[in-house]
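A.B. asks: Have a look at the structure that comes next, please.
Quick note: the coordinates plus some simple rules give every number you see, no bench work behind them. Keep in mind the model is a prediction, meaning the values are calculated, not measured. When we count neighbours, we look across all protein chains shown, and the Cβ atoms used for this are built from the backbone with ideal geometry, even at glycine.
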Amino acid sequence: MGEGERETWTTEEFGSSHAGAVGVLLADGTVPAPVVFLNSSGSDSRSVSEWTIYDGEPHGGPRAAALRGVCSCAWTGPGHTIDWDEIADREAEVAGGGLASACYGDWDTHIGEVARWTRLTRRLVRKRPVRRSSTKAVTVWRKRRRCSG
Ligand SMILES: [Zn+2]
């Protein structure tokens, strides 16, 4: 199992910790294994997970039911169902290109959320001493109140 070769998207900010790609789902909701190709002598092999390989044709992978954005951080986007009737005899890469870019859009949104979260965390870390002192102030106030009452 594991992952085969496929095109990935990375950002300068997050590098390989958030590398996105087009993921494939089969009709039963499972993720297919990479398709292994042997070179002519059989001495070398390559495993490929590129979504266009899952077209159900001979020597390819099982036919994909849906595409979704995936990320190296384990995030997965919503599935985009593939209409194979619409694709018909056209090249999957061309016909499914719209779905692939929808996956990219989902991943791009994910990266936006990650970036926002990262900025928020940095801000909270800087604010921590301030929060600690305000907790102390509340404790002191409660104690005083107990004494007087
Ligand atoms: Zn991610």
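A.B. asks: Calculate one ³J(HN,Hα) per residue across segment 58-69 by plugging θ = phi - 60° into the Karplus curve 6.51 cos²θ - 1.76 cosθ + 1.60, and present them in order as whole Hz with x for glycine and proline.
C.D. replies: Along segment 58-69, the couplings run x, 6, x, x, x, 5, 6, 9, 8, 10, 8, x Hz.
A.B. asks: Follow-up. Can you give me the long-range amide H partners of Glu5? Hydrogens built in the peptide plane at 1.01 Å from N, cutoff under 5 Å, separation of 5 or more residues or another chain.
C.D. replies: Ser47, Val48, Ser49
A.B. asks: Would you mind ranking Asp55, Asp83 by Cβ crowding within 10 Å, fewest neighbours first?
C.D. replies: Asp83, Asp55
A.B. asks: State to the nearest 20 debye the size of the charge dipole of segment 6-115 about its Cα centre, where the only charges are +1 on K and R beta carbons and -1 on D and E beta carbons.
C.D. replies: 320
A.B. asks: Quote to one decimal, in nm, the extra length available between Tyr104 and Arg90 on full extension: 0.36 nm per residue of separation minus the C-alpha distance between them.
C.D. replies: 2.9 nm
A.B. asks: Hey, got a sec? Which GluC sites (Glu not before Pro) in segment 1-64 land in a DSSP loop and have at most 14 other Cβ atoms within 10 Å?
C.D. replies: Glu7, Glu12, Glu13
A.B. asks: Please list, ordered by chain and number, the residues whose modelled amide H lies under 5 Å from the amide H of His80; skip anything fewer than 5 residues away on the same chain.
C.D. replies: Here the answer is Leu67, Arg68, since their amide H atoms fall under 5 Å of that of His80.
A.B. asks: Something else: Subtract the Cα-Cα distance of Cys73 and Val31 from 0.36 nm times their separation in residues, and report this length gain in nm to one decimal.
C.D. replies: Working it through step by step, the gained length comes to 13.5 nm.
A.B. asks: Kindly put Ser40, Ser101, Ser45 in sequence by how many other C-beta atoms sit within 10 Å of each C-beta, fewest to most.
C.D. replies: By the 10 Å Cβ count, ascending, the order reads Ser40, Ser45, Ser101.
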